[in-house]
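The structure appears below as structure tokens.
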């Protein structure tokens, strides 16, 4: 954790120019500013103050944001840095904590979080993607108001059990981390993003109330659908090494979208016909040499995608589909 009070910041900055070199000139800032005007901008936030400064920017953005999707930047860094130095930062965060429910700290190169972040007791959304976190601080798990947490594109190798204290979490993103397992219990989690990890099998997720699950670009070879919760509506398993599917398909009573593109499937089990609600099925870039006969039994199926397989013939029943695509197959006949 990093914490500096305002006096420490001003003391350090009195001996540091914005190029980062030591300077005993008390007018160092003004000298540097003039040089920068003549020779182009070289302004940089001192590294040890970056976590606090980026949080300062994020809070100002959150206060000024008119809608959740309004990301108008709040001035340049040099202007904001001067403003930052005018505050006792901890007091400033406490003053504005009730106004902030979303903090975005994306692509900042952060390896740790500033202590002041944990003063935001009403925070609902925290996005920390594209940083360099290798572990998570225990203080993060005290932020029980969080509903959405994005930790994708970091360097996390494990998710600590302490995360289970985030009992209101509805959406968790941990894609693009070298995670080998997922075994958390989060009672309100409906959206989970676990793509581009080191997973080699489907985690046992049947105890979670998931509706939307991303497991793309992993190293999964076998899929037992019994590991998924019956609440799942959208399931993405593309870009793995899957060559077989098994388990009680009938339990997936609300599965609507299933994506299995870029795998190694050549057949589907007869039990696949027990999916009662499936409307969209993607199986592009697999190894099917025929359209699986079991798919004809799926009365709810509206969209089927089988591009880049080994199909030679397209069955007549595919005419009933709202959208069917089978481009880039070695077709002999259009119908049979």
Within segment 139-162, track down each residue that is under 17 Å from residue 51 (Cα atoms) and touching a helix residue (DSSP H, G or I) at 6+ places or on another chain (Cβ under 7 Å).
-> 139
Selection status of residue 163, surrounded by 15 or more Cβ atoms within 10 Å (Cβ to Cβ), over 18 Å from the mean Cα position of the chain (by Cα) and closer than 30 Å to residue 118 by Cα | no
Is it true that some residue in segment 302-325 is under 28 Å from the mean Cα position of the chain (by Cα), part of a loop (DSSP other than H, G, I, E, B) and on the phi > 0 side of the Ramachandran plot?
-> no
Taking residue 39 as meeting all but one of (1) within 28 Å of residue 169 (Cβ to Cβ); (2) modelled with pLDDT under 90, write down the number of the exception.
-> (1)
Taking segment 318-336 and keeping only residues that are modelled with pLDDT of 95 or more and either in contact with a strand residue (DSSP E or B) (Cβ under 9 Å, 6 or more places away or on another chain) or surrounded by 15 or more Cβ atoms within 10 Å (Cβ to Cβ) (or both), one is left with 318, 321, 322, 323, 324, 325, 326, 329
Output yes when any residue across segment 203-217 is more than 24 Å from the chain's Cα centre (by Cα) and free of Cβ contacts under 8 Å to residues at least 24 places away in the same chain, and no when none is.
-> no
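With respect to residue 178, determine if the residue is in contact with a strand residue (DSSP E or B) (Cβ under 9 Å, 6 or more places away or on another chain) and at pLDDT 95 or above.
Numbers: in contact with a strand residue (DSSP E or B) (Cβ under 9 Å, 6 or more places away or on another chain): no; at pLDDT 95 or above: yes.
So residue 178 fails the test.
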Going through segment 251-284 in order, the residues found to be crowded, with 19+ Cβ neighbours inside 10 Å, within 26 Å of the chain's Cα centre (by Cα) and closer than 18 Å to residue 230 by Cβ are 252, 255, 258, 278
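The values are calculated or read from the model by the stated rules, or taken from the named source; none is laboratory data. Remember, predicted model here, so these are calculated numbers, not experimental data. Note: ideal-geometry Cβ built from the backbone for every residue, glycine included; neighbour counts use all protein chains shown.
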